[in-house]
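Working notes, beginning with the structure itself.
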Amino acid sequence: MTSTQLYGKTILVTGAAKRVGAAIARRLHRAGANLTLHYHSSEHEAHTLQSELNLQRAQSVMLVKADLLETEGLAEIVKTCVERFGSLDALVNNASAFYPTPLGAISVSDWDEMAGSNLKAPLFLSQAAAPHLKSVAGCIVNITDIHAERPLKNYVVYSIAKAGLAGLTRSLARELGPEVRVNAVAPGPIAWPEDGSFDEVTRQRVISHTLLKRIGEPDDIARAVYYLIAEAPYVTGQIIAVDGGRSVSM
Ligand SMILES: NC(=O)c1ccc[n+]([C@@H]2O[C@H](COP(=O)([O-])OP(=O)(O)OC[C@H]3O[C@@H](n4cnc5c(N)ncnc54)[C@H](OP(=O)(O)O)[C@@H]3O)[C@@H](O)[C@H]2O)c1
């Protein structure tokens, strides 16, 4: 069954060219939303996704290219979206840098990249989006990680950046209510990193400690994002784990 609940709504999704971000884009678009899809280096994937979705509904998807570490450009992303579609109903902070940073070898640039993409950019995008979201009773969905609560070994900076994003979710819910709801989805194992950093042994260990004995799919996260945007008018300040039960058996 295809829902049309988001017809006429405009949603900005960061890091949307592929993997989880693209699944979020597809599901929200299928429900009728117009989308501003942010990407940085995945030029080809972003344009392919835009063509795919615009073929289904003409001129429903705009692309914005930006390095989210360039904080002064973040308000411009929101402005471009509002100018194109006339409003902004939801912001999904999905973009994220993810790589190991073992203690003793952490650099300032690791900090800047991880905290910048996972925490600082969501804050400044949310701040820029807030007046627009308030005027339409909109919402924000942040994509955190189950490791915000239980840090991932050797991923010190990523884990604390996501912990910060979880805190930001609750803080913004307080600041922006009652007009704007702010929630998060905390994925467990969904799509292995593309850099090969999780070898087969590690993958099998993660799966064996996951109650449903398999990894999830990007659309599992997209379904939760859709729920929080379209089906959860009395939910704010919450973080929903979508992790096959991994967080109760870590
Ligand atoms: N995959 C999982 O199993 C899993 C598990 C737990 C949590 N999560 C969370 O779920 C979300 C999506 O996961 P994913 O695996 O699909 O993410 P991903 O592929 O690792 O990253 C998503 C996108 O973030 C963008 N990005 C990173 N740094 C950026 C920067 N400085 N400026 C602009 N864009 C930047 C990249 O865009 P470009 O490619 O265009 O450069 C990238 O495609 C993330 O927040 C992640 O932390 C995922």
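How would you order 14-26, 66-78 from highest to lowest mean count of nearby Cβ atoms within 10 Å?
Descending packing order for the listed peptides: 14-26, 66-78.
What's the exposure ranking of Lys9, Lys79, going from fewest to most Cβ atoms within 10 Å?
Details: Lys9 21, Lys79 13.
In increasing order of surrounding Cβ atoms, one gets Lys79, Lys9.
When Lys and Arg each count +1 and Asp and Glu each count -1, what net charge do the other residues less than 12 Å away from Tyr99, Cβ to Cβ, add up to?
Taking every Cβ under 12 Å from that of Tyr99, the sum is -4.
In degrees from 0 to 90, rounded to the nearest 10, what is the angle of the helix 43-56 Cα long axis to the longest principal axis of the chain?
The answer is roughly 50 degrees.
What chymotrypsin sites (Phe, Trp or Tyr not before Pro) in the stretch 150-250 are in a loop by DSSP, with at most 11 other Cβ atoms within 10 Å of the Cβ?
Those that pass, being in a loop and sparsely packed, are Tyr234.
Between beta-carbons, use under 13 Å as the cut-off and find the net charge around Val136, counting Lys and Arg +1, Asp and Glu -1.
Counting the neighbours of Val136, the net charge comes to +1.
Ranked by Cβ crowding within 10 angstrom, fewest neighbours first, how are Met114, Met62, Met250 ordered?
Going from least to most buried by this count: Met250, Met62, Met114.
Hey, with R₀ at 35 Å, roughly what FRET efficiency would Glu43 and Phe198 work out to, going by the Cβ-Cβ distance, to 0.05?
0.85
With a ≥ b ≥ c the root eigenvalues of the C-alpha gyration tensor of the stretch 104-250, is it rounded (a/c under 1.5), prolate (a/b larger than b/c) or oblate?
In terms of gyration-tensor shape, oblate.
Work through the residues other than Ala31 whose Cβ is under 15 Å from its Cβ and net out their charges, Lys, Arg +1 and Asp, Glu -1.
Residues close to Ala31 contribute a combined charge of +3.
Which of the pairs Lys65/Lys213; Lys9/Lys213; Lys79/Lys162; Lys18/Lys79; Lys65/Lys153; Lys9/Lys153 have their Cα atoms more than 29 Å apart in this structure? Display every interim value, and only then the final one.
Values: Lys65/Lys213 37 Å; Lys9/Lys213 37 Å; Lys79/Lys162 26 Å; Lys18/Lys79 23 Å; Lys65/Lys153 32 Å; Lys9/Lys153 40 Å.
Exceeds cut-off: Lys65/Lys213; Lys9/Lys213; Lys65/Lys153; Lys9/Lys153.
Just to confirm my numbers, what's the Cα centroid distance between the stretch 36-87 and the stretch 119-195 in Å?
That distance is 20 Å.
Since every read-out is calculated from the coordinates, none of them should be taken as a lab result. In this text the structure is predicted, and so the values were computed from the model without any measurement. Don't worry about glycine lacking a Cβ; one is built from the backbone with ideal geometry, like all the others, and counts go over all protein chains shown.
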